[in-house]
Amino acid sequence: MQPYALWIACGIAVAASATDIWRFKVHNRLTFPAVAAGIAYHALAPWGGGWSYGLAGFAVGLGLLLVPYALGVFGAGDAKFVAAMGAWLGVQPLWGALVVGAVASGIYALAILAFRGGAGRAWANLRLTFWSVCLWKRGLSAGLANQTVQQAVRSDGRRGRLIPFSAMVGVGVFYVAVRGVAGV
């Protein structure tokens, strides 16, 4: 993996993280050009892995978050951002970024629980999510099946309970970049 691709991916991750933390949204005007540029970079750069390298990373990134997106776990911007990171990083580094991002998400969630004292409420939300997934054919029992994440935040003040997943994956991208540049 070339440092150029790693640092460009880090720049994209910073931009996506900023809007994800601020608005819980990752814009198409960032993700779509990032996907195209990542695939083109690997196809055209002499040290790139070829267009199939970027395309495989894109497909894996999108494929991993497509079902959780359909279940309402992640927003569409998160899925597109992970696909863009796959186009830049490739499949194997993307796995590392997602694992670190998942750990960062867990730490973030624990911090929210610790600061807001909402362990009981979190347990209730976890049970509700479980049953919502089990009863998906009938629609999510939470009544948010047709709402976007942003609508849910505005309608019932859930902002303190949401995790900016793209920002957490951005932490993973930086981890992968530092490891890749350091040769670890």
Might you let me know whether the range 35-50 holds any residue that is in contact with a helix residue (DSSP H, G or I) (Cβ under 8 Å, 6 or more places away or on another chain) and within 21 Å of residue 163 (Cβ to Cβ)?
no
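Give the residue, chosen from 89, 65, that is within 13 Å of residue 172 (Cα to Cα) and either buried (at least 20 other Cβ atoms within 10 Å of the Cβ) or polar (S, T, N, Q) (or both).
Details: 65 fails: within 13 Å of residue 172 (Cα to Cα).
Only one candidate qualifies: 89.
Pick from 58, 74, 81: which is under 17 Å from residue 162 (Cβ atoms) and either more than 15 Å from the chain's Cα centre (by Cα) or part of a helix (DSSP H, G or I) (or both)?
Numbers: 58 fails: under 17 Å from residue 162 (Cβ atoms); 74 fails: either more than 15 Å from the chain's Cα centre (by Cα) or part of a helix (DSSP H, G or I) (or both).
Within the list 58, 74, 81, the selection yields 81.
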Pairs with Cβ under 6 Å, 6+ apart, first in the range 1-24 and more than 10 Å from residue 173 (Cα to Cα) and assigned to a helix (DSSP H, G or I), second modelled with pLDDT of 90 or more and among the basic types (Lys, Arg)
19/25
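With the structure loaded, tell me whether residue 96 is of a type outside the set (A, V, I, L, M), buried (at least 17 other Cβ atoms within 10 Å of the Cβ) and at pLDDT 90 or above or whether it fails that test.
Numbers: of a type outside the set (A, V, I, L, M): yes; buried (at least 17 other Cβ atoms within 10 Å of the Cβ): no; at pLDDT 90 or above: yes.
Considered against the rule, which asks whether it is of a type outside the set (A, V, I, L, M), buried (at least 17 other Cβ atoms within 10 Å of the Cβ) and at pLDDT 90 or above, residue 96 comes out as no.
Among the residues of the range 8-59, write down those that are among the aromatic types (Phe, Trp, Tyr) and exposed (fewer than 14 other Cβ atoms within 10 Å of the Cβ). Give the steps one after another, and end with the answer.
Applying the first criterion (among the aromatic types (Phe, Trp, Tyr)) to the range 8-59 yields 22, 24, 32, 41, 47, 51, 53, 58.
Hits for the range 8-59 are 22, 32, 47.
Quick one: which of 177, 111 is modelled with pLDDT of 80 or more, among the hydrophobic types (A, V, I, L, M, F, W, C), farther than 19 Å from residue 59 by Cα and touching a Cys at 6+ places or on another chain (Cβ under 9 Å)? It would help to see each step written out before you state the result.
On the way: 111 fails: touching a Cys at 6+ places or on another chain (Cβ under 9 Å).
Every option except 177 fails the conditions.
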Please go through (1) among the small types (Gly, Ala, Ser); (2) within 15 Å of the chain's Cα centre (by Cα); (3) not in a loop (DSSP other than H, G, I, E, B) for residue 36 and return the number of the only condition it doesn't satisfy.
(2)
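Considering the range 61-71 alone, what residues qualify as being part of a helix (DSSP H, G or I) and among the aliphatic types (A, V, I, L, M)? So that I can check it myself, show each step before the final result.
Going residue by residue through the range 61-71, those that are part of a helix (DSSP H, G or I) are 61-70.
Listed by number, the residues that qualify are 62, 64, 65, 66, 67, 70.
The values are calculated or read from the model by the stated rules, or taken from the named source; none is laboratory data. The structure presented is a predicted model; accordingly, all values stated were derived computationally and were not measured. As a convention, Cβ positions derive from the backbone with ideal geometry for all residues, glycine included, and neighbour counts pool all protein chains shown.
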